[in-house]
Amino acid sequence: MAALGNPDMLTRRIKLWDLNPHITCHLCEGYLIDATTVTECLHTFCRSCLVKYLEENNTCPTCRIVIHQSHPLQYIGHDRTMQDIVYKLVPGLQDAEMKKQRDFYQKLGMEVPGDVKAELCGLKAQLELQHNGDIKSEDKGTKEAGEERGEGDEDYHRSDEQVSICLECNSSKLRGLKRKWIRCSAQATVLHLKKFIAKKLNLTSFNELDILCNEEILGKDHTLKFVVVTRWRFKKSPLLLHYRPKMDLL
């Protein structure tokens, strides 16, 4: 108990150098960006590094366990918690990454996605608040924002990047959706879409569905942003996805 009251124990500092092995990518040896975890062994890498690696391999780069014999990309998932930890531990990393993304889109003459704009504005505001020593809690800020808007002016849309999707049925065993055009967060996953379709079609389980892009079955943990970047890049919006009963149910 005496040790618990030791001020040296409570204020002990840990060097970032000691944490680097846990927050860096084994492939590029840089800090994790868009952290993505292999569901089989829970090793984490930068998404771009891992996707490029899995184009020619089907094993984990760290432990060499077989992820999947033919479709390893279906067994990886965005690790938002790990990415948040990395951004909080490494000063300026998120700010620098957002700036790189903005410069990348501007260089290509493309419109900067909504999530990049929102995060850049949020980071700027946060840095100003930190400089002034006037950081407010998220709950308090949300409450105040709600009071300013009023009940009739509430905005239920997220401020992050949005994806427009067309959901088409390509099986006679299922009916099409009455409203096949939807718009949702780029961080939503294929699993979210499965649950949405299952609810709309009154299916007993979302596990009865497969969702495909370019005739390729998508992994349930894939985010829509990942699908757009890897399977719909440079194609016009909306993202066209098809759904059907699982092959073993046909």
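The values are calculated or read from the model by the stated rules, or taken from the named source; none is laboratory data. Since we're looking at a predicted model, the values are computed, not measured. Methodologically, a virtual Cβ is constructed for each residue, glycine included, from the backbone with ideal geometry; neighbour enumeration extends over all protein chains shown. Protein only, heavy atoms only, side chains kept; ligands, DNA and RNA dropped before computing areas. Shrake-Rupley method; radii C 1.70, N 1.55, O 1.52, S 1.80 Å.
Of the listed requirements (1) at pLDDT 90 or above; (2) under 20 Å from Leu191 (Cβ atoms); (3) aliphatic (A, V, I, L, M); (4) assigned to a helix (DSSP H, G or I), Val86 misses just one: (2). Condition first: over 20 Å from Arg175 (Cα atoms) and either in the same structural domain as His78 (by the TED database) or free of Cβ contacts under 8 Å to residues at least 12 places away in the same chain (or both). Can you find one or more residues in segment 192-208 that meet it? Looking through segment 192-208, none of the residues is over 20 Å from Arg175 (Cα atoms) and either in the same structural domain as His78 (by the TED database) or free of Cβ contacts under 8 Å to residues at least 12 places away in the same chain (or both). Scanning segment 173-191 for residues that are open to solvent by less than 100 Å² (accessible area, probe 1.4 Å) and farther than 13 Å from Val227 by Cα turns up Leu174, Gly176, Leu177, Lys180, Ile182, Cys184.
For first residues located in segment 217-231 and more than 12 Å from Thr36 (Cβ to Cβ), partners that are among the polar types (S, T, N, Q) and assigned to a loop (DSSP other than H, G, I, E, B) and lie 6+ apart or on another chain with Cβ distances below 6 Å form the pairs Arg231/Asn214. Within segment 71-109, the residues that satisfy the criterion of being charged (D, E, K, R) and over 21 Å from Cys60 (Cβ atoms) are Asp84, Lys88, Asp95, Glu97, Lys99, Lys100, Arg102, Asp103, Lys107. The residues of segment 66-95 that are surrounded by fewer than 16 Cβ atoms within 10 Å (Cβ to Cβ) and either touching a Phe, Trp or Tyr at 6+ places or on another chain (Cβ under 6 Å) or closer than 17 Å to Cys25 by Cα (or both), listed by number, are Arg80, Thr81, Asp84, Lys88, Leu89. Here the condition is being more than 21 Å from Lys225 (Cα to Cα), under 19 Å from the mean Cα position of the chain (by Cα) and not aliphatic (A, V, I, L, M); of Lys15, Lys88, Lys99, it holds for Lys88 alone. Could you look through segment 34-52, keep only residues that are open to solvent by 40 Å² or more (accessible area, probe 1.4 Å) and not charged (D, E, K, R), and pick out the one that is modelled with the highest pLDDT? Per the criteria, the residue is His43.
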